[in-house]
Amino acid sequence: MSAESRRTSFFQLSDDQPLIAGPFIERIEVPIFQRDYAQGRHGEKVEQIRADFLDVLVGALGDDGSPVGLDFVYGGVDDGTLRPLDGQQRLTTLFLLHWYVASRSGHLAEAHGWKRFSYATRQSARMFCEALVTVPLPDRETPPSKWIEDQPWYLFLWRHDPTIQSMLVMLDAIDERFDNVDVDLAWARLTDAEDPAIWFLLLPLDGLGSADRAMKPEDLYIKMNSRGKPLSEFENFKAHFEKTIESSPRAAEFALKVDTTWSDLLWHLRGDDGLIDDRFLRYLEFVTEICEWRDGGAGVAGRRLGPRTRAVFGNGNPQHAEHLEFLFNALDTWVERSGSEAGTPIAWTFRNLFSTGDDPGDGSRVRLFFRTDSGPADPLDLFEACCHQYGVTSGKTRLFSLGQTLVLYAVVLHLIEGTVDFPGRVRMLRNLVEASPDSLRPGNMPKLLEDVHHVIRHGVIGDVATFNQAQVDDEQRKAAFLQEHPDLLPVVMRLEDHEFLRGSLGAFEYDAACFEHRAAAFHAVMSQPDLWPQVTRALLAVGEYQRQRANSRPFLFGTDSNKHRNAWRELLTGATRQRLQPTREVLAAFLDAVASATGPMSDTLSAIASDYLARCEDAEQFDWRYYMVKYPDMQANGSSTYFAEITEGAEQPMMGYSLCMLRAGVSTLNSNYRDPYLLTIARQLEDSGVVEDKWFSGYETHPRRLPLTRSGTSLRCVPTGFELSSPPMDAYAGAFAAACSGLGVGEDDLVVVPQVEIDGRQVDTVDRIQLGAGIVRRLMAAGL
């Protein structure tokens, strides 16, 4: 192996002249085991690296530029071909820069060795490089990538080559950055034999010893790539940040801590590459965004961190000293808890405050409900989760959510300032966060941080203005209730931690005499999903517990499906206490009945439903609740959401005899849905194949009909009975007329269901499901 490196430039490297005391190099070829060209990829990290690198190159080629060295380039030389083991990314960028400057300065047609640059990683990349050096870039208004993609020599398949696509991105970036550069001067400086503007140290690896010859190329690549590589993103950031705060008296302290105590703090979070760089930058982004929100801005997540930190911590920000103090405190507070067992006490900090619900205990720790699909092994360690995921998105969704951000900020604030009664205050904050999904938006974060200050610093809930106000009201009621009945605090906390409630108790009466046994009954009922089909029917047997969403038409019922268990949370939370009143009253009576029973839960639920059905049948009064309780098909497949028509004379939709039953998990009429009455009638038949298995679409006012498969004669359920439609084929007209005569069909082809008025509503006096099934059987018997 050559023991000496030589200073050279990209232009000189393969300009048909042998290096002094070095091998002859005629061409450069990126070897097959190298990765694709990456400096042109999309993403915040790469964009920052690309921008910083181009800043260096522009600075070197400008009027007053100084030569810049790009460190070492290692590579094996064989038969005049240099195959770089380290430096591929820099060499590719220099190749593109030479093509761009040579094109614009009129030197591309000249014969020079720099053009003999190619890739062995993919044939398409090699072909692209060969084609590119034959065509100069003209003057144009479009980006270089657009012009190249429109050329006849550009192959369609190249759109799928990541190296070529990265090259096009880099060319656009070069074009944007070098647009106002004197290209003639730039070319002269690039090709200056004595003092090139951009140079590097080449260490050619020829004449390898026997031991090195036995190495695989991949092993040699790993060995050599550990030396002479350019600064990492984190090292670049530190250099820029130190310059940003150089006028601060804490600048030297930052430089020391970032490479000592703070790095030690994050050491247990290092990645597979043994580095903590990404983890450090994600936590710094968290602190930076908090400061942006403290300044009243909406944050600029997704943009490069460097410019953001300059705006926050630079002298141009009046609050820069305060923000820098927060940055130091936000790191030092964890150092104080890290101890000798790397990171473990940090995890203990969170485990002493929070629980996952698997070990609820007495409810003194606050259950967290944040999703933990990826990231840290410990779902409670928000510090580690932040270091793994802050600023990372899946589509438009933050993996480390705004809710997690607020709770982590509260913990940091508490540890820095030593706030009192933190367990109770952070529980209140958890409740507000879980109740406010529509408020958790970047634009609201400055005001939400103010709310966090009210709660965590001062323990004041009345001044909270941006979180869900119904939850604010519930927190005040809850506090007043517990002040009078402090012995019920464990019961309240455990109920708050239920996954369906998450702190919202608007569906419960604050009645000290009943609260504990109702809470126990709720836990018992909701812990057995196999009983939920009986639960929904028993609730309806007690009363109309359903409710409408705020400013929305559908009615919510909970669900009998464990797969769609969140429907219970939709029913029991998210509304004002006033809107939840009907649900709260029925739930209270239901839980009292469950709590007072002594037998098995299943028997209790069945008895509640059976008693209700018996009362309806004795009175011959069959309203919509009767059908929902008696016939499971009225709530088939876990359905939890129903649309109802606005009946004549009513101002709002009401549950009745014309309903749309949405599929489980669907909340709008945009998808196909069932008519529960028609579905139940069809399933009462001995052979359900005699009618079509119908799904419907459109508004709830659109007619929904159940056709017979043979004749097309159909049945429609309407508030007053069943509307029949004649068969579309004349051959069945006589049979239809005879059947109608036997059914007593009146005007508008209507079979009337006998009804009586009760409390302003028309209520069936016969079971319309059985009547409907009987109508279908008569139509079948008539040959339809």
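The values are calculated or read from the model by the stated rules, or taken from the named source; none is laboratory data. These numbers come from a predicted model, not from an experiment. Cβ placement follows ideal geometry from the backbone for every residue including glycine, while neighbour counts extend to all protein chains displayed.
Tabulated data
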item	result
Residue in the stretch 100-113 that is in the same structural domain as Met167 (by TED's automatic domain parsing), in contact (Cβ under 8 Å) with a residue 60 or more places away in the chain and among the polar types (S, T, N, Q) present	yes
Odd one out for Asp451 among (1) of a type in the set (Asp, Glu); (2) surrounded by fewer than 20 Cβ atoms within 10 Å (Cβ to Cβ); (3) free of Cβ contacts under 8 Å to residues at least 24 places away in the same chain; (4) part of a helix (DSSP H, G or I)	(2)
Exclusive hit being surrounded by 18 or more Cβ atoms within 10 Å (Cβ to Cβ), modelled with pLDDT under 95, in the same structural domain as Pro446 (by TED's automatic domain parsing) and closer than 22 Å to Trp262 by Cβ, set Arg310, Arg337, Arg304	Arg310
In the stretch 666-684, residue modelled with the lowest pLDDT [restricted to those that are part of a loop (DSSP other than H, G, I, E, B) and surrounded by 18 or more Cβ atoms within 10 Å (Cβ to Cβ)]	Leu669
Subset tally (residues that are out of contact with any helix residue (DSSP H, G or I) (no Cβ under 6 Å at 6 or more places or on another chain), under 20 Å from Ala51 (Cβ atoms) and of a type in the set (A, V, I, L, M)) for the stretch 63-96	1
Some residue of the stretch 555-577 being without any contact (Cβ under 8 Å) to a residue 24 or more places away in the chain, within 25 Å of Phe515 (Cβ to Cβ) and not in a helix (DSSP H, G or I)	no
Candidates Arg116, Arg140, filtered to the one that is charged (D, E, K, R), in contact (Cβ under 8 Å) with a residue 60 or more places away in the chain and assigned by TED's automatic domain parsing to the domain that holds Thr92	Arg116
Per-region count, the stretch 501-530, residues in contact with a Gly (Cβ under 9 Å, 6 or more places away or on another chain) and within 17 Å of Arg565 (Cβ to Cβ)	1
Any pair with Cβ under 6 angstrom, 6 or more apart, that starts in the stretch 653-665 at a residue that is farther than 24 Å from Ile758 by Cα and ends at one that is surrounded by fewer than 18 Cβ atoms within 10 Å (Cβ to Cβ) and modelled with pLDDT of 85 or more	none
Total residues in the stretch 105-135, condition buried (at least 16 other Cβ atoms within 10 Å of the Cβ) and closer than 26 Å to Asp184 by Cβ	12
Neighbours by Cβ (under 6 Å, 6+ apart or cross-chain): first from the stretch 154-170, on the phi < 0 side of the Ramachandran plot and crowded, with 18+ Cβ neighbours inside 10 Å; second among the acidic types (Asp, Glu) and not in a helix (DSSP H, G or I)	Thr163/Asp36
For Val169: the one exception among (1) touching a Phe, Trp or Tyr at 6+ places or on another chain (Cβ under 9 Å); (2) under 22 Å from Ile198 (Cα atoms); (3) of a type in the set (Val, Ile, Thr)	(1)
Of the criteria (1) without any contact (Cβ under 8 Å) to a residue 24 or more places away in the chain; (2) surrounded by 15 or more Cβ atoms within 10 Å (Cβ to Cβ); (3) farther than 26 Å from Ala470 by Cα, which one Ser596 fails	(2)
Candidates Phe328, Phe350, Phe369, Phe354, filtered to the one that is among the aromatic types (Phe, Trp, Tyr), modelled with pLDDT of 95 or more and in the same structural domain as Cys291 (by TED's automatic domain parsing)	Phe328
Residue satisfying condition, being assigned to a helix (DSSP H, G or I), crowded, with 24+ Cβ neighbours inside 10 Å, aliphatic (A, V, I, L, M) and modelled with pLDDT of 95 or more, within set Leu432, Leu413	Leu432
Pick from the stretch 231-248, criterion in contact (Cβ under 8 Å) with a residue 60 or more places away in the chain and outside any helix (DSSP H, G or I), ranking: surrounded by the most Cβ atoms within 10 Å (Cβ to Cβ)	Ile245
Considering residues of the stretch 480-496 that are farther than 19 Å from Gly574 by Cα and among the aliphatic types (A, V, I, L, M) only, the residue surrounded by the most Cβ atoms within 10 Å (Cβ to Cβ)	Val491
Of the criteria (1) out of contact with any Pro (no Cβ under 9 Å at 6 or more places or on another chain); (2) within 28 Å of Asp438 (Cα to Cα); (3) buried (at least 19 other Cβ atoms within 10 Å of the Cβ), which one Cys660 fails	(1)
Meets criteria (surrounded by fewer than 20 Cβ atoms within 10 Å (Cβ to Cβ) and part of a loop (DSSP other than H, G, I, E, B)) for Ser552	yes
Enumeration of residues in the stretch 632-651 that are outside any helix (DSSP H, G or I) and touching a residue at least 24 places away in the same chain (Cβ under 8 Å)	Ser639, Ser640, Thr641, Tyr642, Phe643, Ala644, Glu645, Thr647
So Asp55, is it within 29 Å of Leu305 (Cα to Cα) and not in a helix (DSSP H, G or I)	no
Filtered residue count, the stretch 4-36, keeping only those that are in contact with a strand residue (DSSP E or B) (Cβ under 8 Å, 6 or more places away or on another chain) and at pLDDT 80 or above	12
Any chance Ser66 is modelled with pLDDT under 85, hydroxyl-bearing (Ser, Thr, Tyr) and surrounded by fewer than 16 Cβ atoms within 10 Å (Cβ to Cβ)	yes
Which listed residue, of Ala321, Ala252, is in the same structural domain as Thr405 (by TED's automatic domain parsing), over 31 Å from the mean Cα position of the chain (by Cα) and modelled with pLDDT of 95 or more	Ala321
Total residues in the stretch 609-665, condition more than 42 Å from the chain's Cα centre (by Cα) and either closer than 19 Å to Ser697 by Cβ or modelled with pLDDT of 90 or more (or both)	14
Scan of the stretch 167-202 for residues that are in contact with a His (Cβ under 9 Å, 6 or more places away or on another chain) and either under 15 Å from Cys129 (Cα atoms) or not assigned by TED's automatic domain parsing to the domain that holds Phe53 (or both), ordered by number	Val169
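Conditions tested, residue by residue: (1) at pLDDT 95 or above; (2) under 28 Å from the mean Cα position of the chain (by Cα); (3) not polar (S, T, N, Q).
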{"residue": "Ala480", "(1), (2), (3)": "yes, no, yes"}
{"residue": "His485", "(1), (2), (3)": "yes, no, yes"}
{"residue": "Leu505", "(1), (2), (3)": "yes, yes, yes"}
{"residue": "Phe508", "(1), (2), (3)": "yes, no, yes"}
{"residue": "Ala520", "(1), (2), (3)": "yes, no, yes"}
{"residue": "Leu539", "(1), (2), (3)": "yes, no, yes"}
{"residue": "Ala550", "(1), (2), (3)": "no, yes, yes"}
{"residue": "Pro554", "(1), (2), (3)": "no, yes, yes"}
